[in-house]
Structure formats: C-alpha cells, structure tokens
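Have a look at this one before I ask anything.
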Amino acid sequence: MSSSFRDRDIISITDFSRPEILELCAAGRRMEELEKSGRRNSLRDALKHRTLSYMFYEPSTRTRTSFNTGMRELGGRYDGFSGTEGTSVMKNETVRDTVTMMCANHNDVIVMRHPLDGSLQWAADVANIPVINGGDGRNEHPTQALLDVLTIYSMRGGRLDGLRVGFGGDLSHGRTVRSLSLALSHFDGVTIRWAAEDFLGMPADLVQLLAERGVTVEREETVRDVMRQVDFYYMTRPQLERMPGVTQREIVAMMKQYRIDLEKIDGFDVRVLHPLPVNSEIAEIDYRVYFTPAQAFFSQAEHGIFLRKALLHEMLGHDGYQRYDGRLPTELGEGANRLPRRRRGDKRSGMFIDKIQDGTVIDHLRPGTLRAVSDALDLENRGYSCTTATIAEKPNPFIKTNLRELSERDLKRIALLSPEPTINTVRNGQVAEKVVYLLCANTNCITRTINEDVPPRFYADRETIRCRYCRRPYVVSHPKVSPGELSAYRASLPSSIEPVRWPG
Amino acid sequence: MIDPHVHLRDWGQAGKETLRHGLSVAWRAGLDAVFEMPNTDPPLLSRDAILRRVEDADAARAALGIPIVHGMYAGVTPVPRQIEEAVRAWKDLFPRVVGLKMFAGHSTGRMGIVDPREQALVYRTLAALEFTGVLAVHCEKESLLRPSDWDASRPASHARARPPAAEVASVDDQKKLAAKARFRGTLHVCHVSTPWAVDLLRGKHEETPRDGEEAFRVTCGLTPHHALLDAALMEDKEGLLLKVNPPLRPRPVPALMMRKLLDGDIDWIETDHAPHTRADKLEKHASGFPGFAFLPRFVTLLSEQGLSRARIEELTHGAVCRAFGIEIKASHRPAEAGLEKEYEFDAFAFLPRETSHTSS
C-alpha cells in the first residue's frame, strides 16, 4: 500500500490537502465497516512489532487511549507517560532530550501533547521518527479535527461540501476549533456560525485566515440563531487551564446564555458534537441532552478510534524502520531570526561612555527595561563589563559589554523583556554586524521558553512572516527597520516549513 | 560641558530668572547640557509637574533655537507613594529625568528630609523599587546646624551657623543608611565643601579596604565657589551676596578643596547655579548665586593649574555621562565673554585677582 501518510509528521491540519483528508476519511470508514461487521481482528498483525510512544505533558483520556486502542487492535504495542510526574521532565529535562530518548528507545511513532504552542513542530524537528500532534497548547489538535471531519463525513454519507456548522463554548482558548475550522476550509461552500461571549469568541486572526481560505464566518446573537441555520453544532469546553486569573464562577456566568440544554435544541434537526471532556461544573452541555437524538459526541469519540487506527495503519503499515544513531541535525542549534540592518559609518567619535574595542552593543531597548535586561544578563557576575547608557533625550537605552558573542539564551532573555533589540557586534572598534533579534510574540510559544533552547525560526507565508513553531503571524515593529531591510529579510526566509536536514 | 547641578527658577520664581534666560546663558557659557534641581516653585515632585517642566523647557529651547540638553532631577519626600511616583517618572522619562534629589538638610525651598529615620525610609523605598540611577543628596545634618549663630549684620557668621561638622556627619549618615538599606544606585554628594567629607566619602578613614560588597557607587561634585571663595570675603554687608548653602568655608579649606580636585578625588564640577535678585539677597538673605558665567573662567584656571585637556573634559563632561549613563555630545564651543552682566550681581567679582589659591 502506498500512502501519502507513510512516515509523515502530523503537526497541523493545514499540512493536509483535500484529497488527503478524503483519503483518510475513506480509510476511517473502512475501519468502521470492519468493526461493524465483526471483523475487528482482521488487521491484528498489521503493525506487529511496531511500538507507539505516547508523551502526554498534559492530561488526556480520549486521545491517548484511542491511539493505544488503535495500536492494540493493529497488533502493535505502546508505552510512554501520561503526566510528567515520575519522568525526568521533573528534573528539568528538555522536550528535545525527552523526544530524542523516545527515538533511542526504538519506538516507531510518537504521539505527544504539550502545553506550549509549537512544541509539536519542535518535537517533529528533533525526532527521526514520525510525530503525531496530540494537542499543542492553544494551537492545534489535528487528529481531533480529522476525527470530527470523519464523524461528519460518516453522518452525511461522504459529503463535506456545503456544510453548515455552528461553533459554541470557548472558541478563543481551545485548539480544536482552530484545527476543525481549518480542516473544513478545504471544502467548498462551508459556512461557520458562532455565538459566544466576546472573551471566549473566535480569535480575529483565525477569522481572517478562514476568510482567506474561502469559509464564510458569521457571528450570531444567540445559540438558537445558530441552531436554526446549521446541521452540526460543535460545542467546546471553556479551557480554564489556559485562562490564568479567571475563576470558574466567572466562566459559569459567561456561559449562562451559551450552554446547550433541551430548550436550545428544541425544534431543530441538529447534531451536537463536542470533542469532550464536558466540564461537569460548568456543564456546557446539559446532561439531559445526552439522551436525545441530537447527541452525537460519543459516536464522535468512537470515530476517534477508527480515524486514529486508520492513520497509524497508513503511517506505519509498511516494512522497515528508522535506525537511530544518536545524532541531531546541526541546524537545530541555531535560529534564523536575525534581521540584518545596514551599518552606518563610524559615528562613534565623541562617545564618553566606555568605548569598546571588541564586544557587543545591545541597542534600542524599550524605555524602562534597562535594569531588568542588565539584571537578566548578569554580565558583571559572569566576568564581563556591562555599561548601561542612554543618549541624551532619546528614550531608548543601550548596553555595552565586552562579551563578544551573546548566546541564543542571552538574546532570548533580552528579547523577552525588550522585544526586537538591535545587536551590534563590535570588532576592532568598528561595528562589524548589526542585526535585530526577532522572537515570536505569541506568549505561549515554545520559542520563548529559555531552557528549551528552541531556535526561533520564521518562514514567509507570502507577505506574512510566521513563526515556524506556533505558526502565528509576526509583525516587525522596530521603527528603524526600513522597508528595504524588511523585504530583504523576508526574501531570505523559506516560503514554507521545510523539514530539517539529517546528517549523513 | 555639562553642568549637572543648576537651579533654573521660572514659574513662581520667574523674577529671579526664567527658563529661557537660564538656558540661553548656559548655552552661551559653552554648556551642552544642564541638569536641573527639583526645588522649583512648585517643586518637581509629581509626574504632572515634571511633564509641565518638560513642556516649558522645550518651549524655551525652541524659542531660543538652541539644542541644549535639559535634564531634571525628581524630588523625593519621606512619603513612599511620592517616592514611587518619582522613581516611576525616572524609569519612564529617563534620560529626561536624570535622577532623584534628596535634601538631607533644609536649603532653598521646603523639601528637607532632615530626620535620619526618614532618610532611611527613602533609601529603603528606593532599594525596594529597584532604583539604580543617581540619587543626588544635599548633605548638611540639620541637628548640627546652629541657626542662633547667624547674624545678618555679619554675613560671615553664616559659616559658623552651618559648620563643616554638619556636612561630614551627614555624608557619614548617607553612606551608612544607603549601605544598610542595600541601596543599588549611585549616591552623589552635591557641592561637597570640606576635604573631610571627601575623605569620608572615599573611604580613606576605613581601616580595611572595602571589598566591593556595597552595591552602590559614590560620587561627589565640587563648585567653583567652594574651591576659590572663602568666608573672610563675607565680612561686610555686601557679603550677603555670597551667602550660599553649604556656606563658603574659612581658609584654608577652599585651597584644600582645590587640591582635592587636582588630586582626582572629585568626580565632576558643578556650578550650583542659583540666581536671586540683588534685593532678595540683601533683604531676604537668600542663599545661592548665579554660576554659569564663571564656569568658563574656572576651566581656564584649572588648565593654568596644569590639568590636561582630557582631565578637564572628564571633570566637566565624561564623568557625568558615565555616572548618569547618558551619552551627550560635546560641542567644545568657546564661551561668550561678559555673561556675568546678565545678572544683578557677580559673586566672583569678590575673587582676589592676584592670590594664588592652590598654594597651601
């Protein structure tokens, strides 16, 4: 069987084409037919001697167990961890090292869930075996989207064009809404309607992305307005764990108008989907709805087994395996996030503060961040000079040090406190290099975590610069970067997320 | 040149001098920057007052068409909330707000924080707010002043009313309080007037050299008048024109101060330019006098004493830039002559012309 899914990383739903999604749905339907016709065991040796590693940094019931079920029914095995308690993550082991260890353990595929956006792209870069995204932060959950699509596909007899679907609950903090709506954007004439509190509403960047991809997105006043105009209503759980400082009581109040109960569905021929779990305190779906014909979410959960089983079969149903040799691609060691700026002539005469011969000038810091930055770098205790200064009546302070090269960690520390610092490397009294250090602005992006050592990388999605890891758009706001410098930098970026090159 | 200690008046004291006049004279004296003290009327204690001052100073500069750099100190009072506002103003508006000023003894204006317990509160609050800039302090310990010794008919008595011990004791207090509070900025002793205070400041009396554990730096500035003029010049009624805080000291203190300057114990020169009308001086016994006009002559004098150009540049510019962390372009413009005529009187006219002030 030749499959486009063979040994492929499953990171974002946008990586799939319409034929690929349909191919996977057809494979899922075949798994469903085997199950319904009592031939569950007919593929029991398909993945014999194959092992799945599950790495769940966040709680999970369905995703983990359904992958395990799929593996078990295909004759493979599974091993891993669920929750970081009892693993070396508690000893500050990085994602890079933990993933590499799973590769060294002769696993054939990794399923991973992690609280940081973009962590799964990073895991895929590091691993020499395929990686499946089981949810990364508030970013994506592509297999959930695929199983949602499969559920709708099954219930509509294979038709996905012209779909009318409603969204409710928390459209802002969850990843399933993003993944599913992007999955549906592959199909024609799709209309999405939604009703929610502003705080939980559809993120503007997602609405824009969907509009670009030809999906009609309409906001409605009430849930019943949505119900009246859709075939499926996709309810989601308020993601309390991703809203620091918000109490459950506040969320209950916000959800009051938007819970699904018998009144809301009364009189409509609509199927209610939900990625589950339902929060029993908020009860975004009233328990009485469970016993009506509208309830489709448990069937949806079973489709998760079919879909994941089919996916594993497509990915691993071939001979051969990846050999492990302990090496990592060197390009994972450094970022591609330095925007070069033109050097001016030597205008440093008449400087009174610490002329440096060889070292670094960290310029254009945000006002008021000078102390925090110099504390974070702690240059003096590391044995380097650290001179902080400001040019008279200009707001942006700068730091001079004889440290010749700042490490990526140092640069991240600066950029976290003062975005887009200008880094001037001084050699023999001359500015040899002048770059603006860019760091993804998404606060939950894995590239912003210092200890993980993820090198910030960007790619140019047409005119938009995006983070390689969390894929959020990045806007260069440095006032001194000229349009020419910006477009030259954009032109230097890859136009897509290119796979990393492995040594040998 | 930079003058990091000036009083530009204006507002409620526009009769003494206006921002426009002060900045103009400073520019013509060859200065590239002035840092203004906060005891204006009303004082620079709040963000609003500071922003108003910025506006007015910018208007004055625009009207004059001169690019002189105008910096300000925010004043501190013993009220934590006010200190917080001053520190925030410094953090947000630096380098326009160059640092903070504390009057550890009453001078012109009512901004004195005379109680050491209140001074300790200031250092503690600054440490807690992570203030790391320059705190300029007027050091004269109030409890050692002898106001009853002041006799207006004999202006020279001013030196006895504010004795050297008050300055030395206050410098000692500030150093100890700052260390105890783990102050992390730069402690600048303004217009130091006695060699004993300088020695104390430089740690010359400490038996064991400091191991660098103190997180704060110490600097001091010397005014031309404390290096050249002495209390004996104040004997007659006109001596009221020389009344200043801290006072002119008796001989040979000024010569010793000049020695300190030549020896490199002083960080920079500051004029403490503080104009008053002649009437205010003679009738209200106001302290302070204009200083811009004499600064170029003082620099010439230092050069005649053998100081190198580089050393003078350091004393009048480089050291200030480094301590404050503000890079200011030096223009090396020649000063205009006759600037003393801009004011109603010239304190340096009292200077005996033939005397050499560095021989001891």
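Ignoring ligands and nucleic acids, what accessible area does residue A:170 show with a 1.4 Å probe (Å², nearest 10)?
The value for residue A:170 is about 0 Å².
Across region A:166-175, in residue order, what do the Karplus-derived ³J(HN,Hα) couplings come to in whole Hz, using 6.51 cos²θ - 1.76 cosθ + 1.60 with θ = phi - 60° and x for Gly and Pro?
Once θ is set to phi - 60°, the couplings for region A:166-175 become x, 10, x, x, 10, 8, 9, 9, x, 9 Hz.
Here is a follow-up. Buried accessible area for the B:A pair, summed, 1.4 Å probe, in Å² rounded to 100?
Summed over both sides, the interface buries about 1500 Å².
Roughly speaking, to the nearest percent, how much of chain B's 1.4 Å accessible area is carbon and sulfur?
Answer for chain B is 51 percent, counting heavy atoms of protein chains only.
Now for a separate question. Where only protein heavy atoms count, and the probe is 1.4 Å, what is the accessible area per residue for the protein assembly as shown in Å²?
42
Please give the average number of partner chain Cβ atoms lying within 10 Å of the Cβ of each residue in B:319-330, rounded to a whole number.
5
Provide the net charge surrounding residue B:72, with neighbours chosen by a C-beta distance below 15 Å and charges set as Lys +1, Arg +1, Asp -1, Glu -1.
It works out to a net charge of -3.
Give me a comma-separated list of calculated 3J(HN,Hα) values for region A:143-160, in order, Karplus coefficients 6.51, -1.76, 1.60 applied at θ = phi - 60°, integers in Hz, x for any Gly or Pro.
5, 5, 4, 5, 6, 5, 4, 4, 4, 5, 4, 5, 6, 9, x, x, 9, 10
Using only the C-alpha atoms of chain B, find the volume of their convex hull and express it per residue in Å³.
Value for chain B: 129 Å³ per residue.
Can you pull the mean other chain C-beta count within 10 Å for peptide A:365-372?
3
Lysine pairs in chain A with alpha-carbon atoms under 20 Å apart, 8 or more places apart or on different chains: how many are there?
18
Return, in residue-number order, each cysteine of the protein assembly as shown whose C-beta is not under 4.7 Å from any other cysteine's C-beta.
A:25, A:103, A:386, B:139, B:190, B:220, B:321
Do you know the Lys pair count in region B:115-262 for C-alpha distances under 20 Å, with sequence separation 8 or more or different chains?
Going through region B:115-262 pair by pair, I get 9.
Aspartates and glutamates near residue B:91 by alpha-carbon distance under 18 Å, same-chain residues fewer than 8 away left out - which ones?
Reachable aspartates and glutamates: A:363, A:375, A:393, B:36, B:48, B:130, B:327.
Counting only other chains, what is the mean number of Cβ atoms within 10 angstrom of the Cβ of each residue in peptide B:312-318?
1
Here is a follow-up. Going out from 0 in 10 Å bins, what whole percent of all Cα-Cα distances in region A:313-435 drops into each bin?
Cα pair-distance distribution for region A:313-435, in percent: 11, 38, 26, 8, 7, 7, 2, 0.
If you don't mind, another one. Quick one: pull the percentage of alpha-carbon pairs in region B:28-69 with a separation above 14 Å.
Counting pairs separated by more than 14 Å, the tail of P(r) holds 54 percent.
Sticking with this structure for a sec: Which three extents, in angstrom, do the Cα atoms of the protein assembly as shown have along their principal axes, listed largest first?
Projected onto the principal axes, the Cα atoms of the protein assembly as shown cover 120, 62, 50 Å.
Another question about this same structure. From the gyration tensor of the Cα coordinates in region B:88-238, what semi-axes in whole Å does the equivalent ellipsoid have, largest first, with each one equal to sqrt(5λ)?
Values for region B:88-238, descending: 29, 18, 15 Å.
What is the distance, in nm, between label points placed 7 Å from the Cα along the Cα-to-Cβ direction at residue A:280 and at residue B:62?
Label at residue A:280, label at residue B:62, 6.8 nm between them.
The values are calculated or read from the model by the stated rules, or taken from the named source; none is laboratory data. Since the structure is predicted, the reported quantities are computational estimates derived from the model, not experimental observations. Methodologically, a virtual Cβ is constructed for each residue, glycine included, from the backbone with ideal geometry; neighbour enumeration extends over all protein chains shown. Only protein heavy atoms, including side chains, enter the accessible area calculation; ligands, DNA and RNA are left aside. Shrake-Rupley method; radii C 1.70, N 1.55, O 1.52, S 1.80 Å.
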